[in-house]
Amino acid sequence: MQVSEIGTYVRIKYTVRLESGEILKGDPKEGLECMDFITGFDQVLPGLEKRLIGLNQGDEITLTIPPEEAFGAYDPSLVKEKKISEFPEGKILESGKWVLAKNDKHKITCGYFVKEKGLNSVILDYNHPFAGKTLIYYLKAVEVRPSTQAELEILKPCDFEPASKKKVLSTDVGIE
């Protein structure tokens, strides 16, 4: 079976690295990473999923995914200077470290990188750590099969609405 655009269960074993050669996940010496997902439901990077369409179980490939199809281009407007007084008392802000911020009112958490810390202010970078980076995947399609009714129900109860926003019912992906 081949990977299709909507409703295929896919399990891959992979290594992903940057163009510099830095391994991000799945060091071949220590064991490849494993990931499973169902196509068409925004569970993986768009550029990765798009390049898996047509792949067969057992296929091994190398894929290059540009920033625009991964974590986006690096956006300098997401680098901000903030006064230290704007942060809760006791908040640890160290240059070169990632910090998580929680907003209890809106129930969200976001991360930012502390680029510089001065006496009265900090420079923060809200870009994803891999923004502007090309990702290179070496992967093997370990399992490729139609998704089951139970797997789809977990993703979207009742009617299933994949990333394409086209309404898909269970019968559209071959499930009765």
Relative packing of peptides 36-45, 6-15, 116-125 - highest average C-beta neighbours within 10 Å first
6-15, 36-45, 116-125
Counting Lys and Arg as +1 and Asp and Glu as -1, each charge on the Cβ, what is the dipole of the chain about the Cα centre in debye, to the nearest 20?
500
Which one of Leu55, Gln43, Val79 has its Cα pushed farthest toward the positive end of the charge dipole of the chain, where Lys and Arg give +1 and Asp and Glu give -1 at the Cβ?
Val79
Report relative contact order for the chain in percent, whole number only (criteria: Cα-Cα under 8 Å, sequence separation at least 6).
31
Ordering of 132-142, 48-58, 71-81 by burial proxy (mean other Cβ atoms within 10 Å per residue, highest first):
132-142, 48-58, 71-81
Rg(Cα) / (2.2 N^0.38 Å) computed for the chain, rounded to two decimals:
1.29
Expected 222 nm ellipticity per residue - DSSP helices of 4 or more, -39500 (n - 2.57), all of the chain, to 500
-2000 deg cm²/dmol
Given points 7 Å out from each Cα along the Cα-Cβ axis, report the Ile154 to Cys34 separation in nanometres with one decimal.
1.4
Under the Karplus relation 6.51 cos²θ - 1.76 cosθ + 1.60, θ = phi - 60°, what is the ordered set of whole-Hz ³J(HN,Hα) values for region 81-93, x standing for Gly and Pro?
9, 10, 6, 4, 5, 6, 9, x, 4, x, 5, 8, 10
Report the calculated FRET efficiency for Leu93 and Asp59 (r = Cβ-Cβ distance, R0 = 45 Å), to the nearest 0.05.
0.45
Based on the Cβ-Cβ distance from Asn103 to Lys83, what FRET efficiency comes out when R0 is 25 Å, to the nearest 0.05?
0.85
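Readers should treat all values here as calculations from the given coordinates under stated rules, not as data from a laboratory. Just so it is clear, the model here is predicted, and its values are computed rather than measured. Methodologically, a virtual Cβ is constructed for each residue, glycine included, from the backbone with ideal geometry; neighbour enumeration extends over all protein chains shown.
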